[in-house]
Structure formats: structure tokens, C-alpha cells
Amino acid sequence: MSNSINLLIKIFNCEKYRNEFLDGNLYISSLKKFAQMTDNNTKADFLEGITGQFQPNDIIITIKQSELGINHTIPPEDYSAPIYTSSNDTLGKLKALSFFSPSIELNNIENVNDAIRITDEMRNDFGEYVVVIHKSQEFIDRVLETAKKEKITHKTKLINYFPENETIEFDHQNFGFNKRQSYDFQKEFRIMFHTSEDSEHMRLNIGDIRDLCMVLTVDQFNNELEFKVEAI
């Protein structure tokens, strides 16, 4: 049996969006939207959909033009940062329903509030209104059942946070589930939908989910929740 569980939490910047979520009207943004965001916060990530990260000494870039006799190799010391590869042409078709999903270690329950705390950075970037989905599997089942009826394929997975000082080529099967380690405070779980339409977002209506949720503020979540583990 696992010694940990992952909470499923959604954070909103206004009551209107929180209430729409509780109504079961799910607004699901594309990876392209996050990649192209210019907001100065951690919702934006220009490396959404990354397929590889290469350190300067691990890659060679050559510029060629045969008619002009150009054949120039860029020396590694001229690279200002790692080189990234991605599949930008598919980002608009991939829609991500994302959650804050901190882990509760059952053998360390006395420190659980510190482990799951919503940071000031999360609060500033995502908002004050917290929905804790305490029946997470039932919620996921409703989402995936609705997606299946709509003939939308999907995948669920925790985000893999990778170090920025290594050369890495990512498995295509995990496309859209890799982010830089600087984002690891988000502790993100994603339900990824593969759609045929290249668009900014999609809507999915799964019906009212208030029976699956607790509604809190960030302060209530951080300071007032109590956890107790008992043998059954």
C-alpha cells in the first residue's frame, strides 16, 4: 500500500471562475496559450511542449547555403543558453486541465500543513479562491467519462520537473508533461486532452461537482485544515 496520497486542488483568482468550476463547466486552456502568454507570472511558460533540452557542449548547429558556399558551425561558447526543441504545431490541439497536487506523506502527518502549503508565489499568480476535490478519483472518472462521450482522447499524469543544467530528450509519450525545475513549487497534475481543433481553449461540462469538493480561501487552506490518520 502507498504511504502517500496526492490532493487535487484548483486555485482561482475570482469567485466567478470558481463557481463555474463548481457548476462543472470546465474551461481548459491549450498549451499554446500558456506558451504565448506574456504575463509576468508562472502561469506562462514558453517551453510548454518541450521535446528536448541540449547543453551547448552537447549539440552542434551548422548554417549552410550551398549556392553561396556557406558552411559555418557555431561554436558552443557562442550559445547564450541551452538549446530547446519542441513541437509547436501541436500545442494548440493539446488542452491541459491543471491542478495543484501536493503529496501527503502518511508517515509524516504532523508536518503535512508545511508540505502542502500554497506559497505566496502561487497565491499571487493563481488567486485566493481554493477548491479541494476530496473525492478526486470520482472527479477524474466524471471528467474522463465525459471526454470519452465527446470522443476526446486523454492522458493523466503528474508533471515531471527536470533540471536545467542537463541534456535531456523527452519520451514522446510524455509530451506536455515536462517542465523546468523552477516550476516545481506548483506540484502540478494534468489531465491532457488531445483535440482535433487548434484553439485557445475547450469547454467540458461534467455537471455540478459540489458534492466532491470543499471550498476555502488560501488562508483557510494554509492555516485551518487539520489532518488525522487512523487505522480502520
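Compactness of region 22-63 is given as radius of gyration and Dmax, 16.2, 54 Å, from Cα positions.
The angle between the Cα long axis of helix 136-149 and the main principal axis of the chain comes to about 60°, on a 0 to 90 degree scale. Charge tally for VAL218 (other residues, Cβ to Cβ under 14 Å; Lys, Arg +1; Asp, Glu -1): -3.
DSSP beta bridges fully contained in the chain are about 95 percent antiparallel. At what distance in angstrom do the alpha carbon centres of region 72-145 and region 209-224 lie from each other? Computed from Cα coordinates, the inter-centre distance equals 19 Å.
Applying 0.36 nm per residue to the separation of THR146 and PHE185 and subtracting their alpha-carbon distance, the gain on full extension is 11.0 nm. If the chain linking ASP58 and ASP198 were pulled fully straight, counting 0.36 nm for each residue of separation and taking away their Cα-Cα distance, it would gain 47.0 nm. The simple spin-label model puts a point 7 Å past each Cα toward its Cβ; for ASP219 and GLU77 those points are separated by 5.7 nm. Taking the Cα centre of region 160-215 as reference, the dipole from Cβ charges on Lys and Arg (+1) and Asp and Glu (-1) amounts to some 240 debye. Among the listed values (1) 1.24; (2) 1.42; (3) 1.18, the one matching Cα Rg over 2.2 N^0.38 Å as calculated from this structure is (3).
Report the percentage of all Cα-Cα pairs in region 60-150 whose separation exceeds 18 Å, rounded to a whole percent.
Details: 3017 of 4095 pairs.
For region 60-150, the fraction of Cα-Cα distances above 18 Å is 74 percent.
What stretch of the chain, leaving out the sites themselves, is the longest with no GluC sites (Glu not before Pro) in a DSSP loop having at most 14 other Cβ atoms within 10 Å?
Numbers: sites that count: GLU150, GLU164, GLU166, GLU197, GLU200, GLU224, GLU226, GLU230.
Answer from the scan: 1-149.
Most simply put, region 69-194 has about 80% antiparallel DSSP beta bridges, counting only bridges with both residues inside it.
Values in this text are rule-based calculations from the coordinates and carry no lab data. Here the structure is a predicted model, which is why all the values come from computation and not from measurement. A quick note on method: Cβ atoms are made from the backbone with ideal geometry, for glycine too, and the neighbour counts reach across all protein chains shown.
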